[in-house]
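For reference, the structure is listed below as structure tokens.
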Amino acid sequence: MASELERVAQAPDLLVALDFDGTVSPLVDDPAESRLVPAAAAAIARLRALPRTWVAFVSGRPLASLARVTGADDDALLIGSHGVEVRIGGAIADLGLSAEERGRLVALESKLAPIVAGVPEAYLEHKPVGFGVHTRRVRDKSLVPGLHAAARTAAADVGGFTERDGKDILEFSVRDVTKGDGVRALRELLGDEAQGDVTVVYAGDDVTDEDAFAVLGPGDLGVKVGPGETRAAERVADVPAFAEWLTRLADAREASVSAD
Ligand SMILES: [Mg+2]
């Protein structure tokens, strides 16, 4: 494990792309209360301070929410809504929703709202290009399969939605974009600034992160946080273990840069 970490730490140009929830912050009941664990925040600050080293967050959260919980400054690289929203150097890519897409969002909301309201502690999150049906707080978990089935039927009735199944959330999006597209966009963007190919480290804990692992090349490195099937080459046990991994990466990168 140390050797892969050492290898990427010595890459000429390094992008560290991180999922947020469940990767650098513990999963909590109220998503607004999520924060980076201090050890991860410290490692990220050290990495960002190094030359030819970039840190980006790639999340299913709406961009505004991601910016808030990460405490991102204007220079931060942020990918929100699973790759739909991109903020680079303070500039936000326009979502450019068509009237037709907006119409479908309104139609689905009118169907989902009463379905979700019918299940105690479930809630509907309005996202820039879709909806999240949250079930983390639902105490009677036997109600979740029925809720999901009804929500899927509603989305199928309206039509044209991409579905994503995550931890305690079922999402419907009018845009068929993934975290893999987000990582590709970051790599292209940094390709102009970097001198050669950018080496990417991507870390995530959820099913949607597999799309990002899938676009990694042989020189890149995927790190899966926690249990579950993955195509990532490395795995760490949990959020604190990943914060330690990031700290070791910062140590190795600092050593590599000062040796140049
Ligand atoms: Mg996550």
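The values are calculated or read from the model by the stated rules, or taken from the named source; none is laboratory data. Computed from a prediction, not measured in an experiment: that's the story for all the values here. Because the Cβ atoms are built from the backbone with ideal geometry, glycine has one as well, and the counts that use them run over all protein chains shown.
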Return the pairs, sorted by first residue and then second, in which the second residue is within 16 Å of the ligand (Cβ to nearest atom) and assigned to a loop (DSSP other than H, G, I, E, B), the first residue lies in region 200-224 and is polar (S, T, N, Q), the beta carbons are less than 8 Å apart, and the residues are 6+ apart or on different chains. 208/60; 208/178
Could you tell me which of the residues 41, 72, 64 is surrounded by fewer than 19 Cβ atoms within 10 Å (Cβ to Cβ), at pLDDT 95 or above and not in a strand (DSSP E or B)? 41
Leading residue by the ranking (nearest to the ligand (Cβ to nearest atom)) among those in region 7-35 that are assigned to a helix (DSSP H, G or I) and modelled with pLDDT of 95 or more: 8
Residue 131: passes all of (1) surrounded by fewer than 19 Cβ atoms within 10 Å (Cβ to Cβ); (2) not in a helix (DSSP H, G or I) but (1)
Note on region 148-184: residues among the hydrophobic types (A, V, I, L, M, F, W, C), out of contact with any helix residue (DSSP H, G or I) (no Cβ under 7 Å at 6 or more places or on another chain) and surrounded by 15 or more Cβ atoms within 10 Å (Cβ to Cβ) are 169
Got a number for residues in region 106-133 being over 30 Å from residue 74 (Cα atoms) and of a type outside the set (S, T, N, Q)? 18
Taking region 134-159, which residues are in contact with a strand residue (DSSP E or B) (Cβ under 8 Å, 6 or more places away or on another chain) and in a loop (DSSP other than H, G, I, E, B)? 135, 136, 137
In contact with a helix residue (DSSP H, G or I) (Cβ under 8 Å, 6 or more places away or on another chain) and free of Cβ contacts under 8 Å to residues at least 40 places away in the same chain: does that describe residue 34? yes
